[in-house]
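Below is one structure, written out as structure tokens, with a few remarks after it.
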Amino acid sequence: QVQLVESGGGLVQPGGSLRLSCVTHGTLIYIWDMGWFRQAPGKQRELVASITRTNSTNYSDSVRGRFTISKDTAKNTVYRQMSNLEFEDPAVYYCNATSLSTNHWGRGTQVPVSS
């Protein structure tokens with residue numbers, strides 16, 4: 001059974017940094033296209049960063065230049081380094097693994113930004 005487990009969320013100040021991790025269990029990360037989504041209260045879930053099986057990365061306009069996605073296939077883990085956090089960034093961040101036939105979600109990790 002495939003499971004994605006996120007960690008690393010927590011309260012940060014505006015302008016601060018945070019690294020989120022997503023460990024995949026029951027599968028090998030290199031067979032999936034991996035993505036980080038976020039969902040703020042009252043808003044739809046949106047894709048903010050992705051990394052394909054061939055290590056091609058993509059970012060939403062709202063985070064480009066501030067967030068970096070990477071993966072370590074030996075650890076079956078995908079990371080998202082978040083820098084220069086803004087008031088618009090607080091949300092629950094979800095890890096996603098997608099293939100041609102299916103996709104899996106983690107339970108999410110909360111990233112609030114203090115005022």
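The values are calculated or read from the model by the stated rules, or taken from the named source; none is laboratory data. Keep in mind it's a predicted model, so treat the numbers as computed, not measured. For neighbour counting, all protein chains shown are included, and Cβ atoms are generated from backbone atoms with ideal geometry for every residue, glycine included. For accessibility, only protein heavy atoms count, side chains too; no ligands or nucleic acids. Shrake-Rupley method; radii C 1.70, N 1.55, O 1.52, S 1.80 Å.
With a probe of 1.4 Å, find how much accessible area the chain has per residue, and write the answer as a whole number in Å². Intermediate results must be reported in sequence, preceding the final value.
Values: 6310 Å² over 115 residues.
Value returned for the chain: 55 Å² of accessible area per residue.
Given a 1.4 Å probe and the protein chains as shown, Thr102 ends up with an accessible area of around 60 Å².
Of all GluC sites (Glu not before Pro) in the range 1-102, which ones are in loop regions per DSSP and have a Cβ with at most 14 other Cβ atoms within 10 Å? Show your work: numbers first, answer last.
On the way: sites: Glu6, Glu46, Glu86, Glu88; in loops: Glu86, Glu88.
Here the sparse-neighbourhood loop sites are Glu86, Glu88.
Given in Å, the Rg to one decimal and the Dmax to the nearest whole number for the Cα atoms of the chain are 13.3, 42. Protein heavy-atom surface of the range 4-115, 1.4 angstrom probe: 48% of the accessible area is carbon and sulfur, with nucleic acids and ligands not counted. Accessible area per residue (1.4 Å probe, heavy atoms of protein chains only) ranks Asp72, Asp89 as Asp72, Asp89, with the largest value leading.
So if each residue of separation counts as 0.36 nm, and I subtract the Cα-Cα distance between Lys43 and Val5, what length gain in nm does that give? Mind dumping the intermediate values first?
Values: separation 38, 0.36 × 38 = 13.68 nm, distance 2.28 nm.
Gain in length upon complete extension: 11.4 nm.
What percent antiparallel are the DSSP beta bridges of the chain, to the nearest 5?
Values: 38 of 39 bridges.
If I count the DSSP bridges inside the chain, around 95 percent turn out antiparallel.
Of the trypsin sites (Lys or Arg not before Pro) found in the range 55-115, those that fall in a DSSP loop while having at most 14 other beta-carbon atoms within 10 Å are Arg64, Arg107.
First measure r as the distance between the Cβ atoms of Leu100 and Thr73, then evaluate 1/(1 + (r/R0)^6) with R0 = 30 Å and state the FRET efficiency to the nearest 0.05. Don't skip to the answer; put the middle values down first.
Working: r = 19 Å, r/R0 = 0.65.
Rounded to the nearest 0.05, the efficiency is 0.95.
The Cα center of the range 67-109 and the Cα center of the range 1-36 differ in position by 4 Å. Residue separation of Thr54 and Tyr30 scaled by 0.36 nm, minus their Cα-Cα distance, works out to 7.8 nm of gained length.
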